[in-house]
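The values are calculated or read from the model by the stated rules, or taken from the named source; none is laboratory data. Please read these numbers as outputs of a predicted model, since none were measured by experiment. Using ideal geometry, Cβ is built from the backbone for each residue, glycine included, and neighbour counts are taken over all protein chains shown.
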Amino acid sequence: MEQAITKSLTMANGVKIPQLGLGVFLVKEEEELKTAVKTAIYDGYRHLDTAMIYNNEEFVGTAIKETEIPREELFITSKVWNYDHGYEEAKAAFAASLERLGTDYLDLYLIHWPSPNYIETWHALEDLYEAGKIKAIGVSNFQIHHLEDLLAHAKIKPMINQIETHPEFPQNELHEFMKKEGILHEAWGPLGQGKHDLLSNPILVELAEKYNKTPAQIVLRWHVEREIIVIPKSVTPHRIKENSLIFDFSLTEEDMGKIATLNTGTRYATSPDNEEFLTKTSIRPE
Ligand code: NDP
């Protein structure tokens, strides 16, 4: 099983990213976070997704050290927050993330949201990438118009766009655009963030019974079939394990079609076009 968990996709620059990772959004309590990270690593996960704004990079770093897994076997992502945009600011934010994580490079560093000044921030990421400090660079929450703008100014194309994606919000149009541009699709909130009773949807429950899996595993497999990277968050050991057991079966085209009918175009979280959110979160707190 361990081999399967480490199934990878290849980014435009040839660097591989494990298709399954552990998300740690909203996990702020040190012991809970360390237990989740260690459980995941012992279950075979090799990919961890954090961000400066999650306020837990330091705990992620400590948990990793305690597992004694060599750094090069892990794939670590962090993100530059909205009030750290700008060339020098982003470089400083990157250095601070490295320090908190206790590492001297990142596998993936993302612009967390397309808030003002993301072009300058991108130039900082490009330079850090060229200096060998980051194995791959990308963005998060970028819509097609943000990507078009970025591509018009970028020397290096983003390798990943991490976006809200789940059966109610499959991001079909953006997915196709990214595919055409060679940008990998990474899903945040892949299980719908535990919201809107997604996992008790009768279609998912029926498919779970058919495949002898859980609704969460059906949803994660649906992402995997779409060549999407998933980073489900859980602090519950049996769910961390459950979420990893998604590489030993596949969904038929007909069943993929059934899940496609769940598309209601409903975002569960903030829109990347919410200017008020972007502006407000770009102001550094005193
Ligand atoms: P998820 O879709 O991963 O859902 C997490 C919720 O689902 C938690 O309440 C968790 O509960 C529950 N859950 C996990 N596994 C199962 C299961 N097998 N069965 C039933 N319930 C389950 O939402 P997230 O928002 O956490 O997204 C995942 C990751 O994406 C984040 O942790 C973060 O790393 C990243 N992210 C990025 C964003 C961005 O802007 N770039 C925004 C939001 C998230 P429990 O923990 O109690 O087990």
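Tabulated values for the structure
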| read-out | value |
| --- | --- |
| Boolean, residue 158 is more than 22 Å from residue 101 (Cα to Cα) and at pLDDT below 95 | no |
| Number of the exception - residue 203 against (1) touching a Lys or Arg at 6+ places or on another chain (Cβ under 7 Å); (2) in contact (Cβ under 8 Å) with a residue 60 or more places away in the chain | (2) |
| The range 214-245, residues that are part of a loop (DSSP other than H, G, I, E, B), crowded, with 21+ Cβ neighbours inside 10 Å and either more than 10 Å from the ligand (Cβ to nearest atom) or free of Cβ contacts under 8 Å to residues at least 24 places away in the same chain (or both) | 228 |
| Of all residues in the range 56-90 being surrounded by fewer than 22 Cβ atoms within 10 Å (Cβ to Cβ) and of a type in the set (Asp, Glu), the one that is modelled with the lowest pLDDT | 68 |
| Some residue of the range 98-109 being of a type in the set (D, E, K, R) and within 26 Å of residue 147 (Cβ to Cβ) | yes |
| Residue within the range 74-84 that is away from the ligand (no atom under 16 Å from the Cβ) and more than 16 Å from residue 8 (Cβ to Cβ) present | no |
